[in-house]
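Working notes for the structure below.
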Amino acid sequence: MKRLLVFALLLGLALPAFSETRFVSDRLEIPMRTGKSMQHRISRMLPSGTPVEVLEVDKASGWSLVRAPSGAEGWVLSRYLMKVPAARDRLVQAEKKLAQLEMQDKTRGSRLAELEEAKAAVEAELAKLKAENSRLAQQLAEVRRTASSTLAIDSENRELKNKLIAMEREQQTLVQENESLRDRTARDWFMVGAGVIIVGIILGLILPRIRFRKRSSWDTL
């Protein structure tokens with residue numbers, strides 16, 4: 001027994017390292033046998049599409065030593081192994097890929113619809129902002145016109161106030177001159193009245209004497 005194990009170990013070391021992945025053909029199942037002939041016992045059945053690791057290929061006999069995903073090893077006919085997955089599995093993979101692509105396409109379509117909706121919302125907001133900007137520009141222009149008018153009115157008010165102050169000053173000057181003229185007129189009338197009185201007194205004193213002299217001269221004649 002030990003000799004057989006040593007021989008198998010040496011044989012394994014002598015054989016070149018070989019490992020390749022192959023797939024069971026489209027047949028429903030293929031037998032994996034304990035040896036390289038149809039007379040060897042079937043250790044298990046490998047379903048179609050099962051990936052197996054090819055450990056050794058005997059081209060002369062047409063058999064290959066493979067390792068199943070479970071770790072079991074055995075011999076199968078090389079013609080049942082393919083380098084690509086079975087057509088059925090490829091179809092399933094293609095259908096899955098197609099479903100994924102369709103899902104991605106739906107996702108993209110949904111995303112595109114969301115983007116279009118967002119774009120419409122942005123465009124509506126932009127139009128609203130433009131209208132608001134136009135309204136604010138009009139209000140600003142109106143405020144500027146009002147401010148200009150206010151400045152002009154304020155300037156006119158200042159001019160009118162200055163003119164009013166000048167007129168008030170002139171009026172005060174005229175009032176003062178009028179009062180001064182009244183005072184002067186009163187003084188003049190007072191002087192005239194006093195003169196008249198004095199003249200009257202003088203005449204009152206002189207006229208009787210003149211009459212008396214005339215009578216005296218007449219009496220002498």
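Miscellaneous remarks
- Residue-wise HN-Hα coupling along the stretch 122-138, computed from phi with Karplus coefficients 6.51, -1.76, 1.60 (Hz; x: Gly, Pro): 5, 5, 5, 5, 5, 4, 5, 5, 5, 4, 5, 5, 5, 5, 5, 5, 5
- Percent breakdown of C-alpha pair distances by 5 Å bin, ordered from the shortest bin, for the stretch 97-194: 3, 9, 7, 6, 6, 6, 5, 6, 5, 5, 4, 5, 3, 4, 3, 4, 3, 3, 2, 2, 2, 2, 1, 1, 1, 1, 0, 0
- Cross-link partners of residue 119 among lysines (Cα-Cα below 28 Å; sequence separation of 8 or more within a chain): 106, 128, 130
- Backbone amide hydrogens, once placed in the peptide plane, bring residue 63 within less than 5 Å of 58, 78, excluding anything fewer than 5 places away on its chain.
- Distance cut-off 17 Å, percentage of C-alpha pairs in the stretch 103-146 lying past it: 56 percent
- Listed by chain and number, the lysines whose alpha-carbon sits under 22 Å from that of residue 83, ignoring those within fewer than 8 places in the same chain, are 36, 59, 96, 97.
- Sites listed here are trypsin sites (Lys or Arg not before Pro) in the stretch 112-167 whose DSSP assignment is loop and whose Cβ has at most 11 other Cβ atoms within 10 Å, and the list is empty.
- For residue 188, the accessible surface of its heavy atoms amounts to roughly 80 Å² (probe 1.4 Å, protein chains only, rounded to the nearest 10).
The values are calculated or read from the model by the stated rules, or taken from the named source; none is laboratory data. Note that the structure is predicted; figures quoted are calculated from it, not measured. Cβ: placed from backbone, ideal geometry, glycine included. Neighbour counts: every protein chain shown. We work out accessible area using only protein heavy atoms, side chains counted, and drop any ligands, DNA or RNA first. Shrake-Rupley method; radii C 1.70, N 1.55, O 1.52, S 1.80 Å.
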